[in-house]
Number of protein chains: 2
Amino acid sequence: MEYAADINAVREAARRIAPFIHRTPVMTSEAVNHIAGRELFFKCENFQKVGAFKMRGASNAVMKLPDEVAKRGVVTHSSGNFAQALALAAKLRGIEAHIVMPRTAPSVKRLAVEGYGATIYQCEPTLVAREATAAEVIEKTGGTLLHPYNHPDIIAGQGTCALELLEEVPDLDAIIAPIGGGGLMSGICIAARAIDPNITLIAAEPAGADDAYRSFQTGELIPQTGPNTIADGLLTSLGDLTWPIVRDYLRCIITVEDDRIIEAMRLIWQRMKIIIEPSAAVPVAAVMSDGFASMSNLKRVGIVLSGGNVDLDRLPW
Amino acid sequence: MEYAADINAVREAARRIAPFIHRTPVMTSEAVNHIAGRELFFKCENFQKVGAFKMRGASNAVMKLPDEVAKRGVVTHSSGNFAQALALAAKLRGIEAHIVMPRTAPSVKRLAVEGYGATIYQCEPTLVAREATAAEVIEKTGGTLLHPYNHPDIIAGQGTCALELLEEVPDLDAIIAPIGGGGLMSGICIAARAIDPNITLIAAEPAGADDAYRSFQTGELIPQTGPNTIADGLLTSLGDLTWPIVRDYLRCIITVEDDRIIEAMRLIWQRMKIIIEPSAAVPVAAVMSDGFASMSNLKRVGIVLSGGNVDLDRLPW
């Protein structure tokens with residue numbers, strides 16, 4: 001296999017995780033279509049368990065572990081949606097989850113992860129400290145490290161959202177999704193292109209964390225340094241497994257500024273009455289952008305709304 | 001017919017309005033079920049056109065008018081969701097809507113109604129001024145006055161949401177909905193009881209506008225005076241058509257304080273990632289209340305989330 005996952009892996013993932021995830025709805029809005037000047041189909045992963053698509057990859061990876069490996073538990077370092085997803089997937093399998101989290105993480109995120117019964121290990125807020133702490137935990141528990149995105153089973157799991165979207169709306173011209181580490185986008189690429197060889201695949205990225213854009217432009221994997229954006233789910237760099245897929249499958253990567261992201265987020269709240277987080281608003285902003293306007297042949301566009309976890313006391317408007 | 005509407009009128013309404021409304025989804029949430037200690041089925045009228053169930057009654061009344069009456073237009077006085085619903089229904093029929101609105105109404109509401117092509121007539125913010133202005137408009141245009149709730153076609157139209165809910169979840173023990181003027185609740189009563197003679201019907205009302213509760217307790221229609229609640233869709237009094245239905249069909253009316261309403265609204269936003277307005281949170285708060293706890297035999301409860309129109313710049317927390 002040339003890439004970290006193929007359509008068979010995505011289809012197996014879909015069967016494996018079906019009992020543990022929601023088949024999320026695809027929503028439409030005449031009002032938003034009117035503004036966008038095309039037909040948009042929103043795959044609502046904000047309604048997914050733990051409020052984000054991360055539950056797909058996490059449950060695929062956790063459920064796929066052989067029993068004798070699984071029983072020693074799973075380990076990751078994350079303070080975001082993946083931590084919650086891994087905690088819940090482990091709980092559903094009846095194994096332990098060990099989550100390394102910077103001590104600066106908001107207490108609401110800590111509480112959510114603890115609510116799923118995971119053990120939290122606090123560390124200094126640096127990558128070095130996170131990796132060192134995770135290594136200690138693995139040493140002690142024998143648990144399996146699961147990377148939030150740069151992992152074949154995670155990529156295959158995230159791709160299942162494109163399977164569902166194309167089952168429900170088979171005749172899409174394009175799918176657009178946010179890109180951070182690339183787990184979601186690469187999974188979608190693998191799944192969607194296998195189902196429809198003519199489909200256009202587009203990633204949307206915050207201008208303040210545009211490593212994928214710069215990598216794509218130069219053809220070289222460029223890591224993210226010093227990201228600065230409200231889309232806090234998209235701060236990470238591409239990985240060596242996700243990068244070749246997005247490099248080869250994407251038509252383009254569209255970057256959007258934070259004020260456009262906030263505008264798009266508010267538009268979806270207002271018109272569709274659903275709650276999406278800033279990261280999920282990034283592809284919405286991209287579809288409304290000048291960069292997208294030139295692609296007038298893309299009349300029916302699927303948009304993955306990646307998550308809905310926001311702090312209701314700190315809205316960005 | 002003993003009451004203003006019967007099940008046949010509701011079924012006719014459902015056929016009549018089908019092309020003009022959304023069949024809204026029924027959502028569930030394991031997290032919210034866990035908190036409530038029962039299975040809840042949320043009929044999402046916040047996703048209805050114009051963001052509220054009002055579109056059902058308005059389109060039934062507008063589409064049912066004979067051509068020679070319809071062509072003179074429709075008239076109402078309202079500053080809330082019914083104004084928008086009537087404006088859109090009239091637009092869809094290709095007739096004029098004349099909306100009398102107090103000059104104190106927020107400009108965002110005026111703009112929304114104008115956006116649907118209706119004509120707005122501003123008046124002083126008193127009932128006397130509203131009725132006088134409406135009478136003038138009718139005199140001038142020959143338009144038909146449509147009351148927001150105390151009207152047989154409005155009642156029948158609102159009842160269609162119970163038809164859909166029971167089609168999708170046939171084995172409910174109870175349905176609970178907010179009560180203001182009683183159009184929604186009375187329509188639900190007529191529809192649901194005809195389909196399932198054993199179903200329990202419950203209304204939820206803000207403690208700060210509890211005319212229906214007091215009417216129900218005393219057996220006499222008591223008008224609302226000086227309402228004071230965040231649930232701004234539920235300020236009105238019952239009408240002489242809605243009152244006999246709720247009087248005869250309801251098991252009880254549960255009142256809830258504003259702080260409980262805000263808590264319930266936030267819970268739904270947080271856990272279900274959908275936007276509901278305070279009035280829609282009233283039955284959610286009621287289901288979580290001590291008053292509901294005693295009804296432990298009601299295991300599967302339908303809740304009508306009546307609307308999702310909120311000012312995102314002025315959230316109540």
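The values are calculated or read from the model by the stated rules, or taken from the named source; none is laboratory data. Note that the structure is a prediction, hence the values are computed from the model and not measured. For neighbour counting, all protein chains shown are included, and Cβ atoms are generated from backbone atoms with ideal geometry for every residue, glycine included.
Checked against (1) surrounded by 21 or more Cβ atoms within 10 Å (Cβ to Cβ); (2) farther than 30 Å from B:PHE47 by Cα, A:GLU205 passes all but condition (2).
Matching residues to (1) under 19 Å from B:SER59 (Cα atoms); (2) not hydrophobic (A, V, I, L, M, F, W, C):
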site: B:VAL10; (1), (2): yes, no
site: B:ARG16; (1), (2): yes, yes
site: B:HIS22; (1), (2): yes, yes
site: B:THR28; (1), (2): no, yes
site: B:VAL32; (1), (2): no, no
site: B:GLU39; (1), (2): no, yes
site: B:GLU45; (1), (2): yes, yes
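Among the candidates B:GLU39, B:GLU30, the residue that is among the acidic types (Asp, Glu) and within 14 Å of another protein chain (Cβ to nearest Cβ) is uniquely B:GLU30.
Considering only residues in the stretch B:34-61 that are in contact with a strand residue (DSSP E or B) (Cβ under 6 Å, 6 or more places away or on another chain) and not charged (D, E, K, R), the one that is farthest from B:ALA192 (Cα to Cα) turns out to be B:GLY51.
Checked against (1) β-branched (Val, Ile, Thr); (2) modelled with pLDDT of 95 or more; (3) within 17 Å of the chain's Cα centre (by Cα), B:THR236 passes all but a single condition, namely (2). One residue is enough: does the stretch B:145-153 have a residue meeting the conditions closer than 21 Å to B:ASN8 by Cβ and part of a helix (DSSP H, G or I)? Within the stretch B:145-153, one or more residues are closer than 21 Å to B:ASN8 by Cβ and part of a helix (DSSP H, G or I).
Total residues in the stretch B:22-60 satisfying the condition of being hydrophobic (A, V, I, L, M, F, W, C) and over 20 Å from A:TRP269 (Cα atoms): the figure is 7.
Out of all the residues in the stretch B:100-121, which are touching a Lys or Arg at 6+ places or on another chain (Cβ under 9 Å) and surrounded by 15 or more Cβ atoms within 10 Å (Cβ to Cβ)? B:VAL100, B:MET101, B:PRO102, B:TYR116, B:ALA118, B:ILE120, listed by residue number.
Condition check: over 15 Å from A:HIS151 (Cβ atoms), in contact with a helix residue (DSSP H, G or I) (Cβ under 8 Å, 6 or more places away or on another chain) and outside the structural domain of A:GLU131 (by TED's automatic domain parsing). Does A:ARG15 satisfy that? Spelling it out, it is not the case that A:ARG15 is over 15 Å from A:HIS151 (Cβ atoms), in contact with a helix residue (DSSP H, G or I) (Cβ under 8 Å, 6 or more places away or on another chain) and outside the structural domain of A:GLU131 (by TED's automatic domain parsing). When B:ILE276 is tested against (1) over 19 Å from the mean Cα position of the chain (by Cα); (2) over 30 Å from B:GLU2 (Cβ atoms), just one condition goes unmet, and that condition is (1). Answer with yes or no whether B:ALA203 is at pLDDT 95 or above, within 30 Å of A:ARG314 (Cα to Cα) and of a type in the set (Gly, Ala, Ser). Spelling it out, it is not the case that B:ALA203 is at pLDDT 95 or above, within 30 Å of A:ARG314 (Cα to Cα) and of a type in the set (Gly, Ala, Ser). List pairs: first in the stretch A:216-243 and closer than 19 Å to A:VAL256 by Cβ, second part of a loop (DSSP other than H, G, I, E, B) and aromatic (Phe, Trp, Tyr), Cβ under 8 Å, 6+ apart or cross-chain? Going by the 8 Å Cβ cut-off, the qualifying pairs are A:THR236/A:TYR149.
Answer yes or no: is there a residue in the stretch B:167-185 that is free of Cβ contacts under 8 Å to residues at least 60 places away in the same chain, surrounded by 24 or more Cβ atoms within 10 Å (Cβ to Cβ) and outside any loop (DSSP other than H, G, I, E, B).
No, every residue in the stretch B:167-185 fails to be free of Cβ contacts under 8 Å to residues at least 60 places away in the same chain, surrounded by 24 or more Cβ atoms within 10 Å (Cβ to Cβ) and outside any loop (DSSP other than H, G, I, E, B).
If the condition is being farther than 14 Å from A:ARG247 by Cβ and not in a loop (DSSP other than H, G, I, E, B), then the stretch A:186-200 contributes A:GLY187, A:ILE188, A:ALA191, A:ALA192, A:ALA194, A:ILE195, A:THR200. Output the residue which, of all residues in the stretch B:297-307 that are surrounded by fewer than 24 Cβ atoms within 10 Å (Cβ to Cβ) and assigned to a loop (DSSP other than H, G, I, E, B), is farthest from the other protein chains (Cβ to nearest Cβ). Step by step, filter the stretch B:297-307, then rank; the result is B:ASN297.
Here is a yes/no grid of residues against (1) under 21 Å from the mean Cα position of the chain (by Cα); (2) at pLDDT below 95; (3) within 30 Å of A:GLY302 (Cα to Cα):
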residue: A:ALA5; (1), (2), (3): yes, no, yes
residue: A:ALA13; (1), (2), (3): yes, no, yes
residue: A:ILE17; (1), (2), (3): yes, no, yes
residue: A:ILE21; (1), (2), (3): yes, no, yes
residue: A:VAL32; (1), (2), (3): no, no, yes
residue: A:PHE53; (1), (2), (3): yes, no, yes
residue: A:ALA58; (1), (2), (3): yes, no, yes
residue: A:GLY73; (1), (2), (3): no, no, no
residue: A:LEU92; (1), (2), (3): yes, no, no
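For the stretch A:109-158, filtered to residues that are within 29 Å of B:HIS34 (Cα to Cα) and among the aromatic types (Phe, Trp, Tyr), the residue that is modelled with the lowest pLDDT is A:TYR116.
Picking from residues in the stretch B:279-296 that are surrounded by fewer than 24 Cβ atoms within 10 Å (Cβ to Cβ) and touching a strand residue (DSSP E or B) at 6+ places or on another chain (Cβ under 9 Å), the one that is farthest from the other protein chains (Cβ to nearest Cβ) is B:MET295.
Here is a list: A:LEU250, A:LEU241. Which entry is surrounded by fewer than 22 Cβ atoms within 10 Å (Cβ to Cβ) and touching a His at 6+ places or on another chain (Cβ under 9 Å)? Explain how you work it out, then say what you get.
Details: A:LEU250 fails: touching a His at 6+ places or on another chain (Cβ under 9 Å).
Only one candidate passes the filter, namely A:LEU241.
Scanning the stretch B:94-123 for residues that are within 22 Å of B:SER279 (Cα to Cα), more than 19 Å from the chain's Cα centre (by Cα) and of a type in the set (Gly, Ala, Ser) yields B:ALA105, B:SER107. Among the criteria (1) within 14 Å of another protein chain (Cβ to nearest Cβ); (2) polar (S, T, N, Q); (3) under 20 Å from the mean Cα position of the chain (by Cα), the one A:GLN270 does not fulfil is (3). If you filter the stretch A:253-278 down to residues that are charged (D, E, K, R) and buried (at least 21 other Cβ atoms within 10 Å of the Cβ), you find that the one that is nearest to A:ASN309 (Cα to Cα) is A:GLU277. Taking every residue in the stretch A:247-266 that is assigned by TED's automatic domain parsing to the domain that holds A:VAL284 and among the basic types (Lys, Arg) and pairing it with any residue that is assigned to a strand (DSSP E or B) and modelled with pLDDT of 95 or more, at least 6 positions away or on another chain, the pairs with Cβ-Cβ distances below 8 Å are A:ARG251/A:ALA174; A:ARG251/A:THR200; A:ARG251/A:LEU201; A:ARG251/A:ILE202. Scanning the stretch A:92-111 for residues that are farther than 24 Å from A:ARG72 by Cβ and not β-branched (Val, Ile, Thr) turns up A:PRO102, A:ARG103, A:ALA105, A:PRO106, A:SER107, A:LYS109, A:LEU111.
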